[in-house]
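Input: a single structure, listed below in structure tokens.
The values are calculated or read from the model by the stated rules, or taken from the named source; none is laboratory data. Here the structure is a predicted model, which is why all the values come from computation and not from measurement. Every residue, glycine among them, receives a Cβ derived from its backbone with ideal geometry; neighbour counts consider all protein chains shown.
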């Protein structure tokens, strides 16, 4: 003889638990993928910021080297000898580094 509870349960539709497990697994996989994407983005942001900082430092140093090259060229001219420094190359390199810094400053990556 069936109890009233058994009768009620027998009338309810059967639910496949494997379907819910698969769907929960898909959600878990999705969340893991999002976490990996956020982690990679965070690492890229930190690397970008570091590269930007290092490039600014390189640009400052090259600008200082250019000023020193100008002094060397003036001193060489004063004593009537050819400068051992190719100021054109130093100037071009300083200009290139400034362009890279400007480019990096325009493309900042958000850390959020």
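Take the conditions modelled with pLDDT under 95 and in a helix (DSSP H, G or I) and apply them to residue 42. Does it pass?
yes
Return the residue satisfying two criteria in turn: it lies in the range 41-79 and is touching a residue at least 24 places away in the same chain (Cβ under 8 Å) and within 14 Å of residue 95 (Cβ to Cβ), and of such residues it is surrounded by the most Cβ atoms within 10 Å (Cβ to Cβ).
The qualifying residue surrounded by the most Cβ atoms within 10 Å (Cβ to Cβ) is 59.
Is it the case that residue 89 is modelled with pLDDT of 95 or more and loosely packed, with under 11 Cβ neighbours inside 10 Å?
It is true that residue 89 is modelled with pLDDT of 95 or more and loosely packed, with under 11 Cβ neighbours inside 10 Å.
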